[in-house]
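Step one of this worksheet: look at the structure below.
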Amino acid sequence: MKTRLMKGNEAVGEAAVSAGCRHYYGYPITPQNEIPEYLSYRMPEVGGVFIQSESEIAAINMVYGTSSTGARVMTSSSSPGISLKAEGISYLAGSELPAVIVNMMRGGPGLGGIQPAQGDYFQAVKGGGHGDYRVIVLAAASVQELYTFTLLAFDLADRYRNPVMLLGDGLLGQMMEEVEIPQDLGDDNPPGKPWAVTGCRGRGRNIINSLYLDPHKLEAHNRKLQEKYKGIMEREQRFQEHHTEDCELLLVAYGTAARVSRGAVDEARALGIKAGLFRPQTLWPFPNRGLKEAARRARALLVVEMSSGQMVEDVNLGVQCRLPVHFYGRMGGIVPSAGEVLEEIKRIEGGLA
Amino acid sequence: MAGKGKLTIARDRCKGCGLCIHFCPKGILKEFLELNRLGYRPVSLEEEGECTGCGICALMCPDMVIQVERGEGA
Amino acid sequence: MKVIAKRPESLTQQAFHYCPGCTHGIIHRLVAEVIDELGEGGPAVGIAPVGCSVLAYEYFNLDMIQASHGRAPAVATGVKRALPDCIVFTYQGDGDLAAIGLSEIVHAALRGENFTVIFVNNAIYGMTGGQIAPTTLPGQKTTTSPLGRDTVLSGNPIKVCELLATQEGPAYLSRVSVHSPAQVRRARKAIQKAFEVQRKKQGFSLVEILSTCPTNWGLDPLKSLEWLEKEMLPRYPLGEFRTPGGEENGSL
């Protein structure tokens, strides 16, 4: 297995190329600029297309166009830019077009800041744009995962004809780690795309569309989408556990917050506190089954996020409000330290004793 | 020249906008009195023998109601 | 007997939903006829964003994409970059192209994207019921300029061909009209030329077509053609604003 030292944002770009993506469209925004910068020279090297578009709105619509032709395509941005892409993501979902959208989250709301944050959980997981739709959301917690989840994102997008969002944050995008380049780059047998618009004559014409003026047809279309989402919820829940087998206090965190929480759990264990970590790798579908299992011996949960506690709602639903769910978070671009989280663990543990 | 044209009018597709009637150089297209399926008074060719098959009616028709044929040598 | 006018192959049998006398229908036919002429060389993809022509995917017998409001040039960019040998066109109205989608059209033109834009200018928002458009004439009454367009309040109408002609990107820019048989024939020639420019990979081509909106103008179809000629032509002069050979003809 090959290993490479890579920056998070570059890992995303290189993995996209490895996944066979030959079209990238994006607009500069910090802290994800290394993705377009990397692909601006990497795409031409592999005969691909790189366009720095006039706006995020244009970028996501270029994605819509290329995806319509059946080609793999990616865009990336950071929080305010994702807001601009929201309309296009809704259209992609409505027209059932595969696409990979990367969000290296920064602090908000509004222009916010450029430091790492996780305030876009609701936007990513609950919709973001208009209408009844879902986006598969992968949350990486390392440069390795930024690489492998980018590969996975393309496969899931094609398999389900659905946009997939890869969530990172400013920290993950900027940091460098060793990456093992896997032998297996994904689906050996990706699904064909007989629906794609290619201008071919000699077959029935294909239409990419999300407009259904007849409410019955629109409802039927929505039912079909919901059926698909049910299948995704059934099959695609992903998570990772750390010391959950006997844990009494279960931490739940994703991305950078999970890296910090893992350190805090290890320190708590050293103090004899039975803490564990449940780390969702898919935020939608939320790994309810895994969470329930991991929490079976827990007496309390602690959600750690770099936000005001957006994932708390899903954790509460996951354990069906049977257990107290505590929250510790920092906002505005501040990454909590393991020490801060440990203090919170000790405080809760004290209450349990 | 006269009498070389043949029009096939899809009467039920006509929205009665009257553009063909206005632009017909021979003035031989008229509004039909009976309403069509859409509820419009469709175009109709009054004097069949006078049509030269110039095609202007079809050129100006927004709904491709009129197919025009022209006799050879016209 | 020889058929000299019939429904082009590149249109489906579906009847247009357009209002009586609306010249969208004429323009659809012209585009379809020109695509028919491309024959085997012309597998085509059409892109229709929001506007009266949003249902164009029902009418063009081609692979079609329905796009969001104003974004067709970005979508077309994505299609053409993936299918460089495919004929790609957008079919956009004036609110779509010149208001909400101005950024996308300008940048597609600046990049010299090799697709064709059919730009239908009827000086009003048709689909939503006749609101003021970026192309609405000074003094023109609409549902959101009930006393007539006041340029102090709502600005001046935009001249898209003239605007794009100030830049180096586009290869072909032409403004035509469909208010008379002679003008319809000229419009057809301009559309032919635009698709030819694309087929030869010469770059971005746009044909602005002055069109009527009898319903929202509050005029019958015939009076609408007269209004177009009398009111729109002075503000929107016909002609070629850019050709690949450089032989612009501002007075077609």
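The values are calculated or read from the model by the stated rules, or taken from the named source; none is laboratory data. Note that the coordinates shown come from a computational prediction; the quantities given were computed from them, not determined experimentally. Note: ideal-geometry Cβ built from the backbone for every residue, glycine included; neighbour counts use all protein chains shown. Ligands, DNA and RNA are stripped out before the accessible areas are found, and what is left, the full protein with its side chains, is counted by its heavy atoms. Shrake-Rupley method; radii C 1.70, N 1.55, O 1.52, S 1.80 Å.
Data for the structure
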item: Per-q log10 I(q)/I(0), the range A:240-352, q = 0.15, 0.23 Å⁻¹ (Debye; single scatterer per alpha-carbon; no solvent); result: -0.53, -1.36
item: Hz values of 3J(HN,Hα) by residue in the range C:170-175 - Karplus curve (6.51, -1.76, 1.60), Gly and Pro given as x; result: x, 9, 9, 9, 8, 10
item: The range C:24-242, relative contact order in percent, only Cα pairs under 8 angstrom and at least six apart counted; result: 19
item: For C:A5, distant residues with modelled amide H under 5 Å away; result: B:V68
item: Surface share of carbon and sulfur [accessible, 1.4 angstrom probe, percent] for the range C:24-242; result: 53
item: Amide hydrogen neighbours beyond the local backbone of A:I181, cut-off 5 Å, H modeled; result: A:K2, A:T3, A:R4
item: Exercise: per-residue mean of other protein chain Cβ atoms within 10 Å, C:108-119; result: 1
item: Rounded to whole Hz, the Karplus (6.51, -1.76, 1.60) HN-Hα couplings of the range C:112-120, x for glycine and proline; result: x, 4, 8, 9, 10, 10, 9, 10, 9
item: Neighbouring partner chain Cβ atoms per residue of C:78-91, average, 10 Å criterion; result: 6
item: Isotropically averaged projected area of chain A, using the convex hull of Cα atoms (one quarter of hull area), nm²; result: 18.6
item: Kirkwood hydrodynamic radius over Cα pairs of the range C:127-192, then Stokes diffusion coefficient at 4 °C and 1.567 mPa s, in µm²/s; result: 92
item: Span from the the range B:9-74 Cα centroid across to the the range A:58-129 one, whole angstrom; result: 52
item: Rounded to the nearest 10 Å², the accessible area of A:I101 at probe 1.4 Å; result: 0
item: The range C:24-242: Cα Rg divided by the 2.2 N^0.38 Å rule of thumb; result: 0.95
item: Net charge dipole size for chain C [Lys, Arg +1 and Asp, Glu -1 on Cβ; Debye, nearest 20]; result: 220
item: Exposed-loop-free span, longest in chain A, where GluC sites (Glu not before Pro) count as exposed if DSSP calls them loop and at most 16 other C-beta atoms lie within 10 Å; result: A:1-244
item: Rounded to 5, percent antiparallel among DSSP beta bridges of the protein assembly as shown; result: 35
item: Nonlocal amide H pairs with A:V137, under 5 Å, H built at 1.01 Å; result: A:M165, A:L283, A:W284
item: Choice from A:N288, A:N206, A:N33 showing the highest fluctuation, given a GNM over chain A with Cα pairs closer than 10 Å; result: A:N206
item: Taking the convex hull of Cα positions in the range B:5-70, its mean projected area over all directions (nm²); result: 3.6
item: Part-to-part distance (alpha-carbon centres) for the range C:71-87 and the range A:269-341, which is given in Å; result: 45
item: Using a Förster distance of 35 Å, the FRET efficiency for B:R37-C:M127 (Cβ separation, nearest 0.05); result: 0.90
item: Rough spin-label spacing in nm, given labels placed 7 Å along Cα→Cβ, for C:S180 and A:T30; result: 6.1
item: Extension gain from A:E293 to A:N316, taking 0.36 nm per residue of separation minus the Cα-Cα distance; result: 6.9 nm
item: Estimated D of the range C:178-252 in µm² per second, where Rh is the Kirkwood radius over Cα pairs and Stokes-Einstein applies at 20 °C, 1.002 mPa s; result: 157
item: Stokes-Einstein diffusion coefficient of the range A:14-105, Kirkwood radius over Cα pairs, 37 °C, 0.692 mPa s, in µm²/s; result: 257
item: Cα pair distances of the protein assembly as shown binned at 10 Å [whole percent]; result: 3, 15, 22, 21, 15, 11, 7, 4, 2, 0, 0
item: Relative packing of peptides A:249-260, A:73-84 - highest average C-beta neighbours within 10 Å first; result: A:249-260, A:73-84
item: Using θ = phi - 60° and Karplus 6.51 cos²θ - 1.76 cosθ + 1.60, couplings along the range A:80-92 (whole Hz; Gly, Pro as x); result: x, x, 5, 4, 5, 7, 4, 4, x, 5, 4, 5, 4
item: Where trypsin sites (Lys or Arg not before Pro) fall in DSSP loop in the range A:128-237, at most 11 other Cβ within 10 Å; result: A:R203
item: Inverse of mean 1/r across different Cα pairs in the range A:75-221, Kirkwood, Å; result: 16.8
item: Charge dipole (debye, nearest 20) of the range A:104-211; +1 at Cβ of Lys and Arg, -1 at Cβ of Asp and Glu; result: 900
item: Residue-averaged beta-carbon neighbours from other chains (10 angstrom radius) around C:220-227; result: 3
item: Extreme residue, positive dipole direction of the range A:240-352, given options A:V260, A:F286, A:L302 (C-beta unit charges); result: A:F286
